[in-house]
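Take a look at the structure below.
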Amino acid sequence: MRVILANTAGFCMGVKRAMEKVLAIARDRAGPIFTYGPLIHNRQVVEMLEARGVCARTDFDDVETGTVLLRTHGVPPEVVSKLRAGGLRVEDGTCPRVLTGQRSIAKHSAEGYSVVIVGDREHDEVAGLAGHAAGPCHVVGSVQEARDVPLDDRILVVAQTTFGRSLFDEIVGVLRARKPDVEVVNSICMATTERQGEARELAQRADAVVVVGGFHSANTRRLAEVARSTGTPTYHVEIPEQLDLDAVTECGTVAVTAGASTPSWITSAVLERLRSVRQPASRGSLPVRLSGGLARLVIDGNLYVAAGAAALTYAVTKLLGLELPGFWRHWCLMAAAFGYIFSAYSLGRRAESKAGGSGVSRRGAFFQAHPRWMSAAAMLFSAVSIAALVPFGWVAVALLAVSYAMALAYAALITSRKRWGLSATGLVPFLRNIPASKDILAAGGWMAVTALVPVVAAHGTLTSYPVALVAGFVFGLAFIRSVMLDFSDVMADRLLGRDTLPALIGPRPARALLAVVACALAAMLAVGTAFGGVVGPRYWILLCPAYILCYLLVFDRLITVSERRCAVVVDGGTLFAGLIALLHSVLW
C-alpha cells in the first residue's frame, strides 16, 4: 500500500498562534488559567491543555481571579466585557482572519449596513461574528437561504473562515443577482481553500482518503465532504484506533489529510497504523514483533542515546590523549556517562509524561507505558554513574553532581511549574527567560559528564587550550542534537516554549544556525588539530561535523517528520565520534 500525506495537513497559522500563546501564559503566569470554551475543536488538544492546568469553560460566574484566553473562533464583545467586569484578565487567541471579519462587521454595521454571514449558524465563529453586528444580521448557509434572506439597502456579506469557497461563491452570486451592489468581504482562510483543493486532488489520485480531525471541527468535516464528493471512499477519524484497517487493506494508494485543528502527532499515529498493513502477511509475525519491541526498548527507552554518550566519552579521551592507566578506567568513565545520560533523560521523560497529556513524544509515551521499570533503571544507572567515578576522587563526583543539577533544571523546564511547586518568581521562570535555555542546559550536561569529567579523572587542568577546544566541540555536538529533537517536536505540533531554539527564532533560522555551528565546529577542530590541540584521530574527527551537515541537507520531513528516525540519525553522530576514535586506535 502506498500512503500519501497532504502537504497542508496539520495546524494552520491561527491555531499555531493560539497554541503558542496559551503555552506562554500557562508557563509564565500565576493563577488559574482558562480558555473560553474549547480553544480549538479538537478533543485531544483540549485534554492536553487540561493536563497542563488550562481548563475550558464558558461559565465564569463562580470564578473571581485568573486569565481567560479567547478561543480561535472568537467571541461576541459582550463576553469580553462580562469577563473583565468579573475581574478576570482577558487574552485574545482569536484567529487574525476571524478578527478581520469581526472588524468589518463592527465598522459597516455602525455605518448602517445590514450584515449577512455566510456560514453554519451553529458554529462558534459565526456566533462571535454576529455579536459584532450593531444592526440587522442574518446567517446564510445554503443557496436556498440566500434566495430567501431579506436584503436591505446596504448589505455587507462576510464568510465564516472555514466555509467552502465554491459554495460561498455560489451564494454570493445569488445575493448579487438580487442586489448587485452588496459589499463582500471574502474572509475565507486561504489555508482552508488550499486544504480543500489538495483534498480534492488527492482523492482523485487515491483509492481511499483518510481525514484526521475532530468530529466537531467544521473545517475537518468539510475536508471529508470534499473528498467524498469525488466518489472516492473517505473515512473521517479522530484517533488512529477508529480507522478500520480491513476497509483499506486492498487499496493500492491511500491519501491522508488533516484539519487545521489536528495536531501532527495524531496524524503521524494514523500514518503508522496505515503503514502497518503494507505487508499483511507479515503483520503480527514473531520477527516483526521482536524487531519492533527491540527498537522501542533501545531508542525510546534511552539506551541508544546513553550508548552515544559512552562513545563520545571514549572519543574525548583519545582526542585529548588522556593518560588513563588500565583499560578499566576507560570503562568506568564510559559507564558514568552512560548512567548519567540514561538517568537524566529518563527524568526528562517522567516530567514530559506528567506535563504533556496527549502530546507526549514517543520517549515520554514509553515512560508512561513502563514507569516502574524506567524509574528503577534510572535509579540503578544513577548509582552506577556515581560509583564509577568514586575511584577518581571527589572533584569528578562533584562535576557529576553539577550535571545532575542541569538535568533537574531541564526536567523542570519540560513540565509545568505547578507540578514542581515553584512560584512565578522562582527558578523555572528565570530559566525560561534565558533564550534556548533548555537546549543550553542539555548541552551543558553532556559537556560536563563526557568532556570535563574525563579530564578531572586524568588529573588534567580544565583551563587548558586543548580541553576548552574539545569541550566546545562536545557542547556544540550536544546542542545540535537537542535542537534537532526540538525540530521533531515542532513537526509533531507539540507545544514548545521560547526556551527552545526553534520556538525562539523559528525553524528556518534555527536550521541555518545549526549549519553555522557545524561549520564552526569543523573549523575549530581543524585549527586545533593543526596546532596540536587535538591528538588521537586528528583530522579524522572532522567527519563528525561533516556527518551533521549531511543530515541537515536532508532536514525537511526526511528526518524530523519521524521522531524515531530523527533520534537514530542525530544520536548516531555521538556514536560515530566514538567509532572514529576506536578505528583510529585499532588501525594506527
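The values are calculated or read from the model by the stated rules, or taken from the named source; none is laboratory data. These figures come from a predicted structure and were not determined experimentally. Note that we place each Cβ from the backbone using ideal geometry, even for glycine, and neighbour counts take in every protein chain shown.
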Point to revise | Only one of Glu111, Glu91 that is within 18 Å of Lys21 (Cβ to Cβ), modelled with pLDDT of 90 or more and either among the polar types (S, T, N, Q) or surrounded by fewer than 21 Cβ atoms within 10 Å (Cβ to Cβ) (or both) | key: Glu91
Check your understanding: surrounded by fewer than 22 Cβ atoms within 10 Å (Cβ to Cβ), free of Cβ contacts under 8 Å to residues at least 40 places away in the same chain and touching a Ser or Thr at 6+ places or on another chain (Cβ under 9 Å) - does that describe any residue in the range 242-249?
Key -> yes
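Starting from residues that are in a helix (DSSP H, G or I) and of a type outside the set (Asp, Glu), keep the ones in the range 226-254 and report whichever is nearest to Leu202 (Cα to Cα).
Taking the range 226-254 and keeping what is in a helix (DSSP H, G or I), we get 226-228, 240-242, 245-248.
Applying the additional criterion that residues be of a type outside the set (Asp, Glu) yields 226-228, 240, 242, 245, 247-248.
On the way: Val226: 11, Ala227: 8, Arg228: 11, Pro240: 20, Gln242: 21, Leu245: 20, Ala247: 18, Val248: 16 Å.
Filtering first and then ranking leaves Ala227.
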Exercise for review: Mind checking which helices (runs of 4 or more DSSP H) fall wholly inside the range 1-120 and carry at least 2 residues that are more than 29 Å from Glu194 (Cβ to Cβ) and hydrophobic (A, V, I, L, M, F, W, C)?
Suggested key: 13-28, 77-85
Check your understanding: Which condition does Leu431 not pass, out of (1) more than 30 Å from Ile239 (Cβ to Cβ); (2) of a type outside the set (Val, Ile, Thr); (3) within 24 Å of the chain's Cα centre (by Cα); (4) at pLDDT 65 or above, if it passes all the others?
Key -> (4)
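Per-residue answers, yes or no, for (1) assigned by TED's automatic domain parsing to the domain that holds Leu167; (2) touching a helix residue (DSSP H, G or I) at 6+ places or on another chain (Cβ under 9 Å):
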site: Ala6; (1), (2): no, yes
site: Phe11; (1), (2): no, yes
site: Leu39; (1), (2): no, yes
site: Glu50; (1), (2): no, yes
site: Glu64; (1), (2): no, no
site: Thr67; (1), (2): no, yes
site: Lys82; (1), (2): no, no
site: Arg103; (1), (2): yes, no
site: Glu111; (1), (2): yes, no
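Out of Val63, Val54, report the one residue that is of a type in the set (A, V, I, L, M, F, W, C) and surrounded by fewer than 21 Cβ atoms within 10 Å (Cβ to Cβ).
Details: Val54 fails: surrounded by fewer than 21 Cβ atoms within 10 Å (Cβ to Cβ).
None of the other options fit; the residue is Val63.
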Exercise for review: Could you tell me whether any residue of the range 128-148 is surrounded by fewer than 16 Cβ atoms within 10 Å (Cβ to Cβ), under 36 Å from the mean Cα position of the chain (by Cα) and either part of a loop (DSSP other than H, G, I, E, B) or not polar (S, T, N, Q) (or both)?
Suggested key: no
Study note, to complete from the structure: Taking the range 526-539 and keeping residues on the phi < 0 side of the Ramachandran plot and buried (at least 18 other Cβ atoms within 10 Å of the Cβ) leaves Gly528, Thr529, Gly533, Val534, Pro537
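Of all residues being modelled with pLDDT of 80 or more and of a type in the set (A, V, I, L, M) in the range 325-361, which is farthest from Val298 (Cα to Cα)? Just the residue, please.
Leu333
Given the structure, is Val172 assigned to a helix (DSSP H, G or I) and among the β-branched types (Val, Ile, Thr)? Explain how you work it out, then say what you get.
On the way: assigned to a helix (DSSP H, G or I): yes; among the β-branched types (Val, Ile, Thr): yes.
When the stated conditions are applied, Val172 passes them.
Any residue at all in the range 260-268 that is surrounded by fewer than 20 Cβ atoms within 10 Å (Cβ to Cβ), more than 30 Å from Gly578 (Cα to Cα) and at pLDDT 85 or above? Step through it out loud before you land on a result.
Taking the range 260-268 as the starting set, the residues that turn out to be surrounded by fewer than 20 Cβ atoms within 10 Å (Cβ to Cβ) are none.
Checking the range 260-268: not a single residue is surrounded by fewer than 20 Cβ atoms within 10 Å (Cβ to Cβ), more than 30 Å from Gly578 (Cα to Cα) and at pLDDT 85 or above.
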